[in-house]
Amino acid sequence: MSSTIFRKTLINSLFLLLFITEVSAEDFGVHGKIYTILEPDALSEIEAKAQAVDWAKVISKEALTKKIIAYKPKDIKKLPTAKENKTRRVEMTYMLPSDIKDSNNTVVYPQGYQFNPLDYVALPFVLVFIDATDPKQIQWYQSSPYESNSNTILMITDGSYYDLTHKLKQTVYYASSEMIERFKLSAVPSIVRQAGRTVEVVEERPKES
């Protein structure tokens, strides 16, 4: 892999980390056991045991569904409602917390290396952050131009992603504390979009009903 391709891959990967919320096994529980297959006899034995198991008791589809519906990240960070309309720019320069090595274990980018992801990749979508426990913010979103914009990604800082997904008929994501800190969000609703080599953060006060 050329250094240019490696660099672009690295930048893209690090940038995408901002928008990933991990769901670990402990969030939904561990169902069943994992076996290491060493030989055909062991496989036959496991198959025989598997046929004798009442899987309806081991894996409860209903219980798992309830956990998925009720899921909420452990690091969720509730933000106050915006009291006024204001706009600011946030610089996106990132510093590597550790060395980045290639397949030959050679350090390509050392710990402390700084770069601006927006110099290499564009942010093609608009991020809208709201508190899903606040009806006024949901109404604000529904009456905004962002709801019908296919480039909008809706993020919530509190509330049920499941309920809001069904209400709005669109995908809803949780905002991780890392995202909130990275974009320096202090209130919601907030709109985040690229503005050159920075991101523009717009706070909007929901109108009174």
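Structure data summary
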| quantity | calculated |
| --- | --- |
| Failed item in (1) closer than 19 Å to Met179 by Cα; (2) assigned to a helix (DSSP H, G or I), with Val90 passing the rest | (2) |
| Of all residues making up region 104-131, the number that are of a type in the set (D, E, K, R) and crowded, with 18+ Cβ neighbours inside 10 Å | 1 |
| Count of region 192-204 residues which are surrounded by fewer than 19 Cβ atoms within 10 Å (Cβ to Cβ) and not in a loop (DSSP other than H, G, I, E, B) | 6 |
| Leading residue by the ranking (nearest to the chain's Cα centre (by Cα)) among those in region 122-170 that are of a type in the set (Asp, Glu) and in a loop (DSSP other than H, G, I, E, B) | Asp158 |
| Contacts under 6 angstrom Cβ, first residue in region 133-154 being touching a residue at least 24 places away in the same chain (Cβ under 8 Å), partner of a type in the set (S, T, N, Q), 6 or more apart | Tyr146/Thr152 |
| Given (1) closer than 30 Å to Lys66 by Cα; (2) of a type in the set (Ser, Thr, Tyr); (3) touching a residue at least 24 places away in the same chain (Cβ under 8 Å); (4) in a loop (DSSP other than H, G, I, E, B), number of the condition Ser186 does not satisfy | (1) |
| Scan of region 88-118 for residues that are charged (D, E, K, R), closer than 20 Å to Arg197 by Cβ and touching a helix residue (DSSP H, G or I) at 6+ places or on another chain (Cβ under 8 Å), ordered by number | none |
| The one condition in (1) surrounded by fewer than 18 Cβ atoms within 10 Å (Cβ to Cβ); (2) closer than 14 Å to Leu127 by Cα; (3) at pLDDT below 95 that Ile180 fails to fulfil | (1) |
| Among (1) in the same structural domain as His166 (by TED's automatic domain parsing); (2) free of Cβ contacts under 8 Å to residues at least 12 places away in the same chain; (3) more than 23 Å from the chain's Cα centre (by Cα) - the single one Gln51 does not satisfy | (1) |
| Residue among Lys83, Lys77, Lys72 that is loosely packed, with under 11 Cβ neighbours inside 10 Å, touching a residue at least 24 places away in the same chain (Cβ under 8 Å) and under 30 Å from Gln137 (Cα atoms) | Lys83 |
| The one condition in (1) under 23 Å from the mean Cα position of the chain (by Cα); (2) under 19 Å from Asp163 (Cβ atoms) that Glu62 fails to fulfil | (1) |
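The values are calculated or read from the model by the stated rules, or taken from the named source; none is laboratory data. In this text the structure is predicted, and so the values were computed from the model without any measurement. We place every Cβ from the backbone using ideal geometry, glycine too, and count neighbours over all the protein chains shown.
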